[in-house]
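Have a look at the structure below, then the notes.
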Amino acid sequence: QRLKAAVHYTVGSLCQAVEEDKGMQFSKQSIAAISEITFRQCEIFAKDLEMFARHAKRSTINTEDVKLLARRSSSLLRYITQKSEELAPSNMEQKKKKKKSSAAKGEKTPREQETAVSENEDSNM
């Protein structure tokens, strides 16, 4: 309910900006209709993203899923790809920091855990 209200508020703000810029007016009913359509489309997007990740046997949605969702809008796909490439170096730095902090705490990385499991399985044979 709060999310729906936030979408309605944002749509209202955007409509108000268009009114000022283009000199046109939106009725309350049209703003409500745009808000409802926007909210429903976001629900569809969320379900699609979930299905893309599930199809890839993942539980986490990643940028490739978002790009797949945006494939029908070339301008949106270009924008998402550009932002993804801009954010990639900072994401890599965060992953390195996590690995270093977990190594300092004595925790094993996922690859080290896999190796330990496979070594354990080999010794059981």
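The values are calculated or read from the model by the stated rules, or taken from the named source; none is laboratory data. Just so we're clear, the structure is a prediction, and the values are computed from it rather than from any experiment. The protein model used for the area step is the full one, side chains on, heavy atoms only, and it has no ligands, DNA or RNA in it. Shrake-Rupley method; radii C 1.70, N 1.55, O 1.52, S 1.80 Å.
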Open item on the list: Ordering R2, R54 by accessible area with a probe of 1.4 Å, largest first, what comes out?
Closed with: R2, R54
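For L68, L77, give the ranking by accessible area with the largest first, probe 1.4 Å. Provide the component values of the computation, followed by the final result.
Values: L68 75, L77 55 Å².
Correct descending sequence by accessible area is L68, L77.
If you take the Cα Rg of the range 1-88 and divide it by 2.2 N^0.38 Å, with N the number of residues, what do you get? Intermediate values should be presented prior to the final figure.
On the way: Rg = 16.2 Å, N = 88, 2.2 N^0.38 = 12.1 Å.
The reported ratio for this selection is 1.34.
How large, in percent, is the carbon and sulfur part of the accessible surface of the range 1-88 at a probe radius of 1.4 Å?
Whole-percent figure for carbon plus sulfur exposure: 58.
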Open item on the list: Solvent-accessible area of D21, probe 1.4 Å, all protein chains present, reported in Å² to the nearest ten, please.
Closed with: 110 Å²
- [ ] Step through the table entries K57/K95; K4/K97; K28/K67, compare each Cα-Cα distance with 29 Å, and write down the pairs that go over it.
- [x] K4/K97; K28/K67
